[in-house]
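For reference, the structure discussed in these notes is given below.
The values are calculated or read from the model by the stated rules, or taken from the named source; none is laboratory data. This is a predicted model, so every value here is computed, not measured. A quick note on method: Cβ atoms are made from the backbone with ideal geometry, for glycine too, and the neighbour counts reach across all protein chains shown. Keep in mind that these areas ignore ligands, DNA and RNA; they rest on the heavy atoms of the full protein, side chains included. Shrake-Rupley method; radii C 1.70, N 1.55, O 1.52, S 1.80 Å.
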Amino acid sequence: MNNATRQAFQASIAVMLTLMIAHGFSLERGIWATLTAILLVSSTFGESIKKAKERVSMTLIGGILGTGVVLYLLPLLPKQEPLLLMSFLFMSIFAMVYFLPRSYAWASFFITLFVVFLFSVLSGWSLSLFAARAYDTLIGAMVAVFVSGFIFPNRSYVDVQVHYLTVLQQLDGFIDDIFYALKSSDPQYMCQLMDWHQKLYSSWEALKNKQSFSEFEVTFSRNKRQQLQNYQFGFDLLFHYLTNILALLEKEPSPLCVEFEKELSQFQAVIKNNSHALSIFMSSEVKSKVKEEPHSLNAIRLQIRQKIALLYKDNAMPDYSKIEHFYSLIYYLRKVNQQITDLITHSSD
């Protein structure tokens, strides 16, 4: 079943359930509960939970603030009350439309203020209306979460796991191009690296957005929550180190990269091997301890240091800027590998 069809079924069922509750409990403003249920049925269970939490909390805050302004503040200024009400109504409409595509939480806050000020202008607002708004919103939110979680559910957690594997595959291609750029002076590789970086950044931003939803689904599962947090922190650091490598390559690859082509190939093989191991680990349904320890780059780094010492043994005035530039590349490559190995070992704990 595709996403649109699934959401249509969920929204229809949510409306029917809400209407049954409204009729059974004789809710005076059942339309508020019904609209809330429709609006909160989202593409994933996690997103529905997040939006429901934001809708209920911001409705309460906005209702308390708006009710306080209308019932207790404006009566102190009877002459300016009509003008102030219209001004508040205008500002709440402006803010509601402005925040709707940007922040659902803030949009919910200003929607509630809009309702309060609109009722005040047309027919009046009262504490009983605020109470009805609060419990109708809560009922609609609970129905939406129930339907999203039990009627054709779509779990954000599963979607995030798949997306992490996609990002990891893209990282593999980016790392390959980094090593090609280190070994070649062809500017074509730099263009490819910039394209990769933009693609990776977009994928990572989308993934972080998805993960924010999935965290609500695993609130009561300590292991899954910890695993997601490990992945996010680890991939954040990976992007940081790869971006630093890209910045170094934008200046100009060190001439020592040609001299150490063999060692760089060994670096590439180790990183690719660990990346492959991480991919296998993340794609397995049962996360168990890794049997084989991830490969380290320490031995190869030691070989490089010894070789550099021999190269400049008889040179009284070596070009330290070239050496420093090369060591910076080696440092960040080791950090990339270390972060991949940490993702494997920490996630399997």
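Within the chain, the longest segment free of exposed loop sites, counting GluC sites (Glu not before Pro) that fall outside DSSP classes H, G, I, E and B and have at most 16 other Cβ atoms within 10 Å, spans 29-284.
Computed about the Cα centre, the dipole magnitude for the chain is approximately 760 debye when only Lys and Arg (+1) and Asp and Glu (-1) carry charge, each at its Cβ. Cross-link reach is defined here as a Cα-Cα straight distance under 24 Å, omitting same-chain residues fewer than 8 places apart; for Lys51 the lysines meeting it are Lys208, Lys210, Lys224. Rolling a 1.4 Å probe over the protein chains gives Leu138 an accessible area of about 80 Å².
Mean Kyte-Doolittle hydropathy of -1.0 or higher plus an axial Cα length of 30 Å or more: which whole DSSP H helices in the chain meet both?
Span-like helices, by this rule, are 3-24, 45-68, 127-150, 156-183, 188-217, 222-251, 261-283, 320-347.
The length gained by stretching the chain between Tyr180 and Ser26 to full extension, at 0.36 nm per residue less their Cα-Cα distance, is 48.4 nm. Using a simple spin-label model with pseudo-atoms 7 Å out from Cα toward Cβ, Met86 and Phe146 lie 4.5 nm apart.
Each Lys or Arg adds one and each Asp or Glu subtracts one; over the other residues with Cβ under 12 Å from the Cβ of Lys199, this totals -3.
Suppose accessible area is computed on protein heavy atoms with a 1.4 Å probe; arrange Ser214, Ser12 from highest to lowest.
Numbers: Ser214 0, Ser12 70 Å².
If we order Ser214, Ser12 from most to least accessible, we get Ser12, Ser214.
Compare Ile139, Ile31, Ile308 in a GNM of the chain, Cα atoms joined below 10 Å, and give the one with the largest fluctuation. Maximum fluctuation in the GNM of the chain, among the listed residues, is at Ile308. Size descriptors for region 24-74, from the alpha-carbon set: Rg then Dmax equal 14.0, 42 Å.
For Cys257, the solvent-accessible surface with a 1.4 Å probe is about 0 Å², rounded to the nearest 10. By the rule of a C-alpha distance below 21 Å, with chain neighbours fewer than 8 residues away ignored, the lysines paired with Lys322 are Lys183, Lys251, Lys262, Lys307, Lys313, Lys335. Among Tyr320, Tyr231, Tyr98, the largest mean-square fluctuation in a Gaussian network model of the chain, built with springs joining Cα atoms closer than 10 Å, belongs to Tyr320.
Modelled spin-label separation between Leu100 and Thr166, with each label point placed 7 Å from Cα along the Cα-to-Cβ direction: 2.8 nm. Is the C-alpha gyration tensor of region 74-208 telling us rounded, prolate or oblate? Criteria: a/c under 1.5 is rounded; beyond that, a/b larger than b/c is prolate, otherwise oblate. Oblate, because a/c is 1.5 or more while a/b does not exceed b/c. Of the listed values (i) -0.27, -0.46, -1.51; (ii) -0.67, -0.86, -1.26; (iii) -0.49, -0.69, -1.17, identify the label whose number matches log10 I(q)/I(0) by the Debye sum over Cα atoms at q = 0.07, 0.09, 0.15 Å⁻¹ calculated from this model. Among (i) -0.27, -0.46, -1.51; (ii) -0.67, -0.86, -1.26; (iii) -0.49, -0.69, -1.17, the one calculated here is (iii). For the chain, the residue among Gln229, Leu242, Leu302 whose Cα projects farthest onto the positive side of the dipole built from Cβ charges is Gln229.
A 1.4 Å probe, protein heavy atoms only, puts the accessible area of Leu129 near 20 Å².
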